[in-house]
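Note sheet for the following structure.
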């Protein structure tokens, strides 16, 4: 029994030493796995989202009820198409958030809060419900803004690849299709699904790109479609146009980055000034206390 325990303890110690030595000299990671860890999450590439289930049924019921009203006009369909979210899901989310905004203050005023005039309780409940009603729109605009910036960055690389494909002798349609198929990322997946010959049928790829640009609200993609349309229908030389468009997009991205950096620098002025003021008060208070005390 004693020998067995000694052997088991020695085996555990040896295994621990082996694991420690192995961790000191790890094997090099695979390049594909390392790159995937840095890749952002891929949004759904499908442009036409068809939801299923009870949520979809409720959303379709709401959509039929608000058809032709002001709420129907105000639905941000371009933002929804960009992030891959259906109108039905959006309507159900707004309904759920509004119901939550009405229920939570009502429960609080009824069970936890002291009695107050009905005008105060009703007004606070309606105000909170209005905030919750607008919350999905605020979150959607923020997500769509970020997605459009990502799409524009991917579009710069797409223009460079189209230019190289045209320079190598590819036709206008092939130059639009090949880069979208070989590149990764949700933006290229959306473009590849749009210009795929099996999906677009007899329609030209530049017309499909223009339709996608109008659907998701990325006007720079519409300019790319117009450039490709001139090459496909008029045989125009578009290398210079592609180069100029890519350079213009890069300048816009650089200007936007500089503007964000400048705004963040300006927002730090007040915290730094308050920190300096607090430091001066900390240094001057002992002298002030000594003077006033004497």
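If you take the Cα centroid of the range 73-146 and the Cα centroid of the range 257-294, the two points sit 39 Å apart. How high is the FRET efficiency between residue 251 and residue 58 when r is their beta carbon distance and R₀ equals 45 Å, given to the nearest 0.05? Using R0 = 45 Å, I get an efficiency of 0.45. In plain terms, the residue of 188, 18, 151, 133 with the fewest other Cβ atoms within 10 Å comes first and the most crowded comes last, giving 18, 133, 188, 151. Gain on full extension, evaluated as 0.36 nm per residue between residue 135 and residue 267 minus their Cα-Cα distance, stands at 45.0 nm. Footprinting exposure proxy ranking of 288, 158, fewest other C-beta atoms within 10 angstrom first, gives 288, 158.
At an R0 of 22 angstrom, the distance between the Cβ atoms of residue 120 and residue 95 translates into a FRET efficiency of 0.25.
Tell me the volume per residue, in Å³, of the convex hull enclosing the alpha carbons of the range 150-262. Don't skip to the answer; put the middle values down first.
On the way: hull volume 10.8 nm³, N = 113.
Cα convex hull per residue, to the nearest whole number: 96 Å³.
Extending 7 Å from the Cα toward the beta-carbon at both residue 211 and residue 277 defines two label points whose distance is 5.9 nm. Put simply, the Cα atoms of the chain extend 91, 81, 62 Å along their principal axes, the longest span coming first. Over the residues of the chain, the helix contribution to mean residue ellipticity at 222 nm works out to -26500 deg cm²/dmol, using -39500 (n - 2.57) for each DSSP H run of at least 4.
Arranged from fewest to most other beta-carbon atoms within 10 Å of their beta carbon, 72, 79 become 72, 79. At full extension, residue 290 and residue 160 could sit 39.7 nm farther apart than now, given 0.36 nm per residue minus the alpha carbon distance. Multiplying the residue separation of residue 259 and residue 219 by 0.36 nm and removing their Cα-Cα distance gives an extension gain of 12.3 nm.
Each value in this text was obtained by applying a stated rule to the coordinates, not by laboratory testing. Predicted model, so just to flag it, every value in this text is computed and none were measured. Quick reminder, even Gly has a Cβ in these numbers, built from the backbone with ideal geometry, and neighbours come from all protein chains shown.
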